[in-house]
1. Quick check on my filter: what residues within the stretch 49-94 are assigned to a loop (DSSP other than H, G, I, E, B), over 20 Å from the mean Cα position of the chain (by Cα) and farther than 22 Å from residue 309 by Cα?
2. Which helices (runs of 4 or more DSSP H) does the stretch 190-276 wholly contain that include 2 or more residues that are more than 19 Å from residue 154 (Cβ to Cβ) and modelled with pLDDT under 95?
3. Any residue in the stretch 99-109 that is of a type outside the set (A, V, I, L, M, F, W, C), crowded, with 21+ Cβ neighbours inside 10 Å, at pLDDT 95 or above and part of a loop (DSSP other than H, G, I, E, B)?
4. In the stretch 158-168, is there at least one residue being over 17 Å from the mean Cα position of the chain (by Cα) and modelled with pLDDT of 95 or more?
5. If we keep just the residues of the stretch 277-302 that are touching an Asp or Glu at 6+ places or on another chain (Cβ under 7 Å) and assigned to a loop (DSSP other than H, G, I, E, B), which is nearest to residue 162 (Cα to Cα)?
6. Within the stretch 105-143, which residues are farther than 13 Å from residue 216 by Cα, basic (Lys, Arg) and over 18 Å from the mean Cα position of the chain (by Cα)?
7. From 209, 237, 232, which residue is within 19 Å of the chain's Cα centre (by Cα) and surrounded by fewer than 24 Cβ atoms within 10 Å (Cβ to Cβ)?
8. Specify the residue that is surrounded by the most Cβ atoms within 10 Å (Cβ to Cβ); the eligible residues are those in the stretch 309-351 that are among the aliphatic types (A, V, I, L, M) and not in a helix (DSSP H, G or I).
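The values are calculated or read from the model by the stated rules, or taken from the named source; none is laboratory data. Bear in mind the structure is a predicted one, so any value in this text is a computation, not a measurement. We place every Cβ from the backbone using ideal geometry, glycine too, and count neighbours over all the protein chains shown.
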Amino acid sequence: MQDIEILGNTRTGLDFIDKTKQKRFAFSLVISYTATSEIPGITVAGEHPDLIKYTGPADAEFIHYGHCKSISVIPMTPDGKPTPALLTKTALEAASIPSMVINAGSKVAPKLPFVDVSLEYGKNISNEAALTQEEIRKAVEYGRIIGRFLGASTDCLVIGESIPGGTTTALGVLEGLGLKALVSSSMPNNPVHLKNEIVSKAIKRVQSTDPFDIVAHLGDPMIPTVAGILSTSSEITNVMLAGGTQMAAVLCFAKSIGFDGKNTAIGTTSYVVDDKTANLEETIKKIFDIPILVAKLKLSQSKIPGLRSYAEGFVKEGAGAGGASIACMLKTGIDAEKLLALTEKEYQRIT
């Protein structure tokens with residue numbers, strides 16, 4: 001597939017593509033929240049602090065309805081940069097891929113049917129532990145139950161996430177588990193110093209090497225939930241973790257509690273991989289020898305400035321956009337140019 005690049009293990013990447021091409025795909029969006037996102041300067045999600053908590057629910061609602069119910073506006077910056085859920089919705093509709101929302105500690109419940117993991121949202125890790133160890137164990141256990149069900153229903157399960165501020169908690173988990181990493185950002189000027197400062201402060205509180213304790217102190221509810229889903233669904237089917245930095249943290253935690261990397265690939269956009277302030281490929285290699293499938297979306301060629309901004313360092317990825325785009329291409333054979341045209345049409349519908 002000319003618009004899907006394989007990084008890492010090329011052989012297993014080609015094998016993953018062969019096993020899933022023109023097969024059944026299912027998409028799940030795991031929405032969550034960390035109060036770490038409320039630290040000024042940490043995220044571009046939500047044009048106002050009061051709106052940050054609606055990021056996950058609004059993404060979920062937009063993917064399903066084409067508009068939002070929890071808020072009266074489409075998730076978009078004032079200058080027209082749209083939520084990556086726009087890319088996800090376009091890809092899923094173009095390929096008729098069914099999707100399900102999983103609420104893993106969202107501060108606000110979405111106004112649509114969803115699977116509820118019954119978790120509290122994550123606290124601000126610069127001040128206190130995100131969750132209790134019991135909640136992390138519950139997230140994994142519930143995730144495993146969900147993973148068995150979803151894995152049995154498809155040839156490839158694509159798991160996306162929507163959690164504002166999630167790259168900072170992902171950095172905390174990676175570093176807490178002993179992995180030095182450079183994480184991406186939704187902004188062209190990645191606030192690396194601020195993220196490192198928050199994580200360094202939080203790590204000082206961790207008095208344990210138990211992975212559950214580390215994630216409880218430094219993570220968010222999405223990470224253990226997706227790790228649980230991954231661990232059981234990958235026993236049954238192929239799994240694509242749709243995202244960048246946050247999915248590296250999921251993999252790292254899943255490995256620490258016994259996951260072996262089978263039947264799994266990362267699916268992301270070229271904008272994450274090309275981010276010079278991050279090192280996704282190198283980070284994944286340190287965890288598992290699994291492929292990274294990269295959607296080359298050609299948004300730089302768009303006539304719409306808000307879409308071109310993705311190629312200029314804004315947003316880059318989110319709400320499973322890269323993985324959903326790859327799934328669409330694999331299932332239907334649609335190329336990136338056709339996907340761009342469909343995305344532009346959807347953008348014009350909502351503006």
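1. Those that are assigned to a loop (DSSP other than H, G, I, E, B), over 20 Å from the mean Cα position of the chain (by Cα) and farther than 22 Å from residue 309 by Cα: 69, 70, 71, 72.
2. 192-203, 245-256, 270-273
3. Yes: the stretch 99-109 contains one or more residues that are of a type outside the set (A, V, I, L, M, F, W, C), crowded, with 21+ Cβ neighbours inside 10 Å, at pLDDT 95 or above and part of a loop (DSSP other than H, G, I, E, B).
4. no
5. Ranking the qualifying residues of the stretch 277-302, first place goes to 296.
6. The answer is 111, and nothing else.
7. So the residue among 209, 237, 232 that is within 19 Å of the chain's Cα centre (by Cα) and surrounded by fewer than 24 Cβ atoms within 10 Å (Cβ to Cβ) is 232.
8. Only one residue fits best here, namely 319.
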